[in-house]
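Novice: Could you have a look at this structure, given as structure tokens, before my questions?
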Amino acid sequence: MSIIQTFYDQLATQYDQLFQDWQATTKEQAMILDRLFTKYGFDKKAQILDCACGIGTQAIGLAALGYDVTGSDISDGELTEAKQRAKRNHVQIHFEHADFCALSDTFSEKFDIVIAMDNALPHMLTADALSAAVKSIVNQLKPGGIFVASIRDYDALLKDKPPYSPPYIHKTQQGQRVSFQTWTWKNDCYKLTQYIIEDENELQISKFECEYRATKRTELTDLLMAAGKWNGSSRRIRAFTIPS
């Protein structure tokens with residue numbers, strides 16, 4: 001099992017604690033994506049693949065708006081959590097275990113829209129791995145489809161390579177929850193340690209570790225443009241990166 005799978009399997013049941021209100025976040029992000037899809041000519045008939053769906057943060061909100069959504073992820077722990085949350089939210093989503101570096105191994109169908117949100121692509125620790133992931137994702141698009149991804153603003157972070165992220169402090173009914181990350185850099189890669197501190201009736205501290213590569217916008221944009229050409233003139237690739 002990879003470090004990515006282990007990270008998300010362990011984090012799955014606590015992932016929503018990274019938000020003040022996860023349920024509200026699903027609605028907010030769905031509205032942002034819906035406006036983007038509408039701007040580029042798509043309606044609720046569009047078939048969407050969320051290829052790094054996690055616990056369903058984007059997939060559930062989009063399904064609630066009426067989109068035909070398929071969710072896939074490499075983490076079985078997060079898929080289990082996503083299925084439970086989809087059921088509680090009364091939405092129909094088809095979920096599959098899939099590695100977004102090899103989507104054709106799982107999916108024979110193509111999609112109008114593919115999304116990979118919440119800084120998923122920077123898990124690729126080399127330029128070659130990122131290139132392979134982009135080709136895999138673009139290959140699942142129908143002609144004229146779009147790919148939407150969100151990543152951190154690594155162009156800014158690489159200037160100083162900060163050792164930690166600012167903490168998020170969320171007030172709860174019985175106290176507060178604090179979450180933050182520490183970053184240990186090695187060139188353009190870094191080891192991330194995610195802490196979640198529950199300070200309510202009794203103190204609880206959770207710790208999760210993973211690795212990322214600081215992916216600049218120009219690198220990702222160039223790969224996406226090249227992937228569009230690689231797919232041939234009959235396939236128009238429109239790709240967007242949104243700060244995460």
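The values are calculated or read from the model by the stated rules, or taken from the named source; none is laboratory data. Owing to the predicted nature of the structure, the values given are computational and were not obtained by experimental measurement. Glycine gets a Cβ as well: all are built from the backbone with ideal geometry, and neighbour counts include every protein chain shown. With ligands, DNA and RNA removed, areas are computed over all heavy atoms of the protein, side chains included. Shrake-Rupley method; radii C 1.70, N 1.55, O 1.52, S 1.80 Å.
Novice: To the nearest 0.05, how large is the calculated FRET efficiency for Glu96 and Gln176 if R₀ is 30 Å and r is the Cβ-Cβ distance?
Specialist: It comes to 0.20.
Novice: Rank-order 163-172, 117-126, 40-49 by packing density, defined as the average count of other C-beta atoms within 10 Å over each peptide's residues, highest first.
Specialist: With the highest mean Cβ count within 10 Å placed first, the list reads 117-126, 40-49, 163-172.
Novice: Please determine, in degrees from 0 to 90 and to the nearest 10, the orientation of helix 127-138 with respect to the longest principal axis defined by the Cα atoms of the chain, where the helix direction is its Cα long axis.
Specialist: Once rounded, the angle reads 60 degrees.
Novice: Near Gln174, within a Cβ-to-Cβ distance under 12 Å, what is the net charge of the other residues, with Lys and Arg +1 and Asp and Glu -1?
Specialist: Residues near Gln174 contribute -2 overall.
Novice: So, R0 is 45 Å and r is the distance between the beta-carbons of Asp199 and Lys135; what FRET efficiency does that work out to, to 0.05?
Specialist: With a Förster radius of 45 Å, E is 0.50.
Novice: Oh, and also: For region 7-97, what is the largest minus smallest coordinate of the Cα atoms on each principal axis, given in angstrom and ordered from greatest to least?
Specialist: 39, 28, 22
Novice: Could you check how much of the accessible area of region 119-206 is carbon and sulfur, as a whole percent, using a 1.4 Å probe? Each step should come with its number before you reach the end.
Specialist: Values: 2250 of 4410 Å².
So the carbon and sulfur contribution to the accessible surface is 51 percent.
Novice: Report the local net charge at Lys83: Lys and Arg +1, Asp and Glu -1, summed over other residues whose C-beta lies under 12 Å from its C-beta.
Specialist: My count for the surroundings of Lys83 gives -2.
Novice: Next question, about the same structure. Treating only the Cβ of Lys, Arg, Asp and Glu as charged (+1, +1, -1, -1), what charge dipole size does the chain show about its Cα centre? Round to the nearest 20 debye.
Specialist: About 880 debye.
Novice: What do you get for the angle between helix 217-230 and the principal long axis of the chain? Use alpha-carbon atoms, 0 to 90 degrees, nearest ten.
Specialist: 30 degrees
Novice: Would you mind counting up the charge near Lys191? Only other residues with Cβ under 13 Å from its Cβ, with Lys and Arg at +1 and Asp and Glu at -1.
Specialist: +1
Novice: Can you give me the long-range amide H partners of Ser150? Hydrogens built in the peptide plane at 1.01 Å from N, cutoff under 5 Å, separation of 5 or more residues or another chain.
Specialist: The answer is Ala116, Met117, Asp118, Asn119, Ala120, Ile242.
Novice: What is region 45-147's relative contact order, in percent, from Cα pairs under 8 angstrom and six or more apart in sequence? Can you show the working numbers first?
Specialist: Numbers: 193 pairs, mean separation 30.2, N = 103.
Rounded, it is 29 percent for region 45-147.
Novice: Multiply the residue gap between Lys186 and Tyr164 by 0.36 nm, knock off their C-alpha separation, and tell me the result in nm, one decimal place.
Specialist: On the way: separation 22, 0.36 × 22 = 7.92 nm, distance 1.41 nm.
So the extension gain works out to 6.5 nm.
Novice: Provide the percentage of antiparallel DSSP beta bridges, counting only those with both residues in the chain; round to the nearest 5. Don't skip to the answer; put the middle values down first.
Specialist: Numbers: 28 of 50 bridges.
Roughly 55 percent of the beta bridges in the chain run antiparallel, per DSSP.
Novice: Please list 61-74, 207-220 highest first by mean number of surrounding beta-carbon atoms within 10 Å per residue.
Specialist: Top of the packing list down: 61-74, 207-220.
Novice: Provide the per residue accessible area, probe 1.4 Å, for region 2-154, rounded to a whole number of square angstrom. Walk me through the intermediate numbers first.
Specialist: Numbers: 6150 Å² over 153 residues.
Per residue, region 2-154 has an accessible area of 40 Å².
Novice: For the chain, take the longest principal axis of its alpha carbons; what is the angle in degrees between that and the long axis of helix 76-88, to the nearest 10 within 0 to 90?
Specialist: Compared with the principal axis, the helix lies near 90 degrees.
Novice: Let me ask something additional. When the chain is modelled as a GNM with alpha-carbon springs shorter than 10 Å, which of Leu36, Leu141, Leu223 fluctuates the most?
Specialist: Leu36
Novice: OK, next. How long are the semi-axes of the equivalent ellipsoid of the chain, defined as square roots of 5 times the Cα gyration tensor eigenvalues? Whole Å, largest first.
Specialist: Values: eigenvalues 166, 102, 50 Å².
In descending order the semi-axes read 29, 23, 16 Å.
Novice: I'd like the Kirkwood hydrodynamic radius of region 81-202, using the inverse of the mean 1/r over distinct C-alpha pairs, in Å.
Specialist: On the way: mean 1/r = 0.0566 Å⁻¹.
After inverting the pairwise mean of 1/r, the radius is 17.7 Å.
Novice: May I pose another question? Could you look at region 1-93 and say what percent of its accessible area is carbon and sulfur, using a 1.4 Å probe and all protein chains?
Specialist: Carbon with sulfur: 50 percent of the solvent-accessible area.
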